[in-house]
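Q: Take this structure, written in structure tokens, and hold onto it; I'll ask about it next.
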Amino acid sequence: MTRRGLLAVAVASTAVAATKKIRVAMIGTGHGHAHSKILALQSMPEYDFVGVCRPDPQDPAIGPAFEKTRRLSEAEALDSSIELIACEFADAEANLTFAQQAIDRGKFVHLDKPPGASLPGLRKLLEDARTRNRIVQMGFQWRYHPAMQAAFEAAKTGRLGRIHRFRASIDKPILADERKHLAKYKGGMMFSEGCHLIDRATALLGKPLKVTGIIRHHSPSPDGLADNNLVILEYRNAFAEISLAGFDPNGNAHRYIEIIGSNGSAKVQPFTGSHLTLEIKGEPPQTLHPPEPPGRAYTPDFAEMAVIIRDGAKPSYTAEHDLMTHDVLLEACGMLQGDNR
């Protein structure tokens with residue numbers, strides 16, 4: 001969605017706010033985005049945030065918002081008056097399981113990343129949602145990031161020329177507890193964190209012709225976590241390179257997305273804030289700071305969902321894109337095997 005599109009959503013969501021509030025509940029508490037999403041939903045006039053359901057007592061609940069939020073039973077969270085369910089477990093498979101339950105009950109769903117480890121499971125979820133005239137919105141973090149949107153706009157309008165390279169990195173240091181949790185999935189950190197960047201690559205370039213994942217454990221820790229990873233997506237006239245490691249103590253500052261074309265490049269670094277460097281042939285380099293959308297982190301996601309629920313608006317990303325992206329992610333992680341196709 002472009003900045004103009006975000007403005008349109010903001011205007012439309014103001015109209016939505018004047019109607020009956022959308023009742024929303026969260027199921028699961030352990031996802032790293034859960035706390036911020038509670039704050040976003042509580043701050044938005046479009047929504048009546050009812051509370052949080054924690055079916056798994058081992059699922060973490062980190063952040064002060066959980067202490068002040070009403071706890072719900074599963075029956076209360078899936079009550080007929082609830083229109084939207086946000087699935088925010090630490091475990092990807094639990095998110096997919098409860099997202100299916102929510103769709104089966106006729107709810108709209110915000111499903112945090114990655115959307116499970118089962119491609120057939122996600123395919124069924126999205127097909128069942130289509131049949132019920134419901135939408136599953138994926139929680140990929142940078143779909144509405146203003147600097148990334150500006151970089152994509154420069155690419156898609158031809159300002160960068162013919163695109164031949166997408167490069168991105170999302171290093172982060174991770175602690176022992178998180179390592180233990182992620183190690184259960186063969187894709188490790190690429191599965192959990194790299195999914196954000198694979199989503200950006202496929203949004204720009206589409207479905208790749210070939211996917212190569214180099215998924216390695218290079219830490220001295222004996223947990224076996226795939227913590228040093230490189231994925232290469234091959235297109236007819238372009239490559240996408242996505243790297244991720246769990247060792248850089250300054251990883252957040254070193255994260256970047258770069259789009260390179262025959263007429264120049266656009267680079268977003270770091271991801272915090274809105275910072276874009278444009279280098280166009282024959283022009284001096286430019287550093288731009290596209291304005292942040294109003295509200296908190298994740299407000300744009302839920303503003304779009306409000307307009308979808310109330311006005312029947314089309315989502316910015318189709319179910320076909322989401323399924324294709326998950327297919328690419330699982331193949332990159334070596335998890336697209338046997339019946340998991």
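Q: Just wondering, is there one or more residues in region 153-175 that are farther than 22 Å from A253 by Cβ, in contact with an Asp or Glu (Cβ under 6 Å, 6 or more places away or on another chain), touching a residue at least 24 places away in the same chain (Cβ under 8 Å) and not aliphatic (A, V, I, L, M)?
A: no
So that you can scan it fast, the table gives a plain yes or no per residue for (1) among the small types (G, A, S); (2) under 24 Å from G161 (Cα atoms); (3) surrounded by fewer than 19 Cβ atoms within 10 Å (Cβ to Cβ); (4) within 18 Å of the chain's Cα centre (by Cα):
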| site | (1), (2), (3), (4) |
| --- | --- |
| L233 | no, yes, no, no |
| R236 | no, yes, yes, no |
| L244 | no, no, no, yes |
| I259 | no, yes, no, no |
| V268 | no, yes, no, yes |
| S274 | yes, yes, yes, yes |
| L278 | no, yes, no, no |
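Q: Here are the criteria: (1) on the phi < 0 side of the Ramachandran plot; (2) outside any helix (DSSP H, G or I). Tell me which single one G51 does not satisfy.
A: All conditions pass for G51, except number (1).
Q: Test of understanding: among I170, I135, which residue is in the same structural domain as E88 (by TED's automatic domain parsing) and of a type in the set (A, V, I, L, M)?
A: Within the list I170, I135, the selection yields I135.
Here is a yes/no grid of residues against (1) in the same structural domain as A25 (by TED's automatic domain parsing); (2) among the polar types (S, T, N, Q); (3) closer than 18 Å to I257 by Cα:
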| residue | (1), (2), (3) |
| --- | --- |
| T272 | no, yes, yes |
| P284 | no, no, no |
| D301 | yes, no, no |
| E304 | yes, no, no |
| V307 | yes, no, no |
| D327 | no, no, no |
| L330 | no, no, no |
| L336 | no, no, no |
| N340 | no, yes, no |
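Q: Another question, if that's okay. Given the conditions (1) in contact with a helix residue (DSSP H, G or I) (Cβ under 9 Å, 6 or more places away or on another chain); (2) surrounded by fewer than 21 Cβ atoms within 10 Å (Cβ to Cβ); (3) of a type in the set (S, T, Y); (4) farther than 25 Å from S192 by Cα, report the number of the one that S118 does not fulfil.
A: So S118 meets the others, but not (4).
Q: Among (1) in contact (Cβ under 8 Å) with a residue 24 or more places away in the chain; (2) buried (at least 17 other Cβ atoms within 10 Å of the Cβ), which single condition is D223 missing?
A: Going through the list (1) in contact (Cβ under 8 Å) with a residue 24 or more places away in the chain; (2) buried (at least 17 other Cβ atoms within 10 Å of the Cβ), D223 breaks only (2).
Results for (1) modelled with pLDDT of 95 or more; (2) of a type outside the set (V, I, T); (3) out of contact with any strand residue (DSSP E or B) (no Cβ under 6 Å at 6 or more places or on another chain), shown as yes or no for each residue.
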| site | (1), (2), (3) |
| --- | --- |
| V24 | yes, no, no |
| L41 | yes, yes, no |
| L84 | yes, yes, no |
| L96 | yes, yes, yes |
| Q100 | yes, yes, yes |
| H110 | yes, yes, no |
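Q: Can you say whether I62 is over 17 Å from Y298 (Cβ atoms), of a type in the set (A, V, I, L, M, F, W, C), over 19 Å from the mean Cα position of the chain (by Cα) and part of a loop (DSSP other than H, G, I, E, B), as far as the supplied structure shows?
A: no
Q: Could you tell me whether region 129-136 includes any residue that is of a type in the set (V, I, T), in contact (Cβ under 8 Å) with a residue 40 or more places away in the chain and in a strand (DSSP E or B)?
A: Looking through region 129-136, at least one residue is of a type in the set (V, I, T), in contact (Cβ under 8 Å) with a residue 40 or more places away in the chain and in a strand (DSSP E or B).
Q: Then there is this: If A86 satisfies every condition in (1) within 27 Å of D177 (Cβ to Cβ); (2) touching a residue at least 12 places away in the same chain (Cβ under 8 Å); (3) surrounded by fewer than 20 Cβ atoms within 10 Å (Cβ to Cβ); (4) of a type outside the set (S, T, N, Q) but one, which is the exception?
A: (3)
Q: Counting just the residues of region 309-330 that are surrounded by 12 or more Cβ atoms within 10 Å (Cβ to Cβ) and over 18 Å from the mean Cα position of the chain (by Cα), which one comes out nearest to D199 (Cα to Cα)?
A: That would be A313.
Q: Tell me, which residue of region 29-53 that is of a type in the set (A, V, I, L, M, F, W, C) and touching a Gly at 6+ places or on another chain (Cβ under 9 Å) is nearest to A75 (Cα to Cα)?
A: Checking each candidate, the answer is C53.
Q: List the pairs whose first member sits in region 53-73 and is of a type in the set (S, T, N, Q), whose second member is not in a loop (DSSP other than H, G, I, E, B), and whose Cβ atoms are under 7 Å apart, counting only residues at least 6 apart or on separate chains?
A: Qualifying pairs under 7 Å: T69/I38; T69/G51; T69/V52; S73/C53.
Q: Another question, then. Condition check: surrounded by fewer than 20 Cβ atoms within 10 Å (Cβ to Cβ) and either in the same structural domain as A306 (by TED's automatic domain parsing) or farther than 30 Å from S262 by Cα (or both). Does K124 satisfy that?
A: yes
The rows are residues; the columns are (1) surrounded by 17 or more Cβ atoms within 10 Å (Cβ to Cβ); (2) in a helix (DSSP H, G or I).
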| position | (1), (2) |
| --- | --- |
| A155 | yes, yes |
| G161 | no, no |
| R165 | no, no |
| D171 | yes, no |
| K180 | no, yes |
| K186 | yes, no |
| E193 | yes, yes |
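The values are calculated or read from the model by the stated rules, or taken from the named source; none is laboratory data. All of these numbers come straight from a predicted model, not from anything done at the bench. Here Cβ is always computed from backbone atoms with ideal geometry, including for glycine, and neighbour counts include all displayed protein chains.
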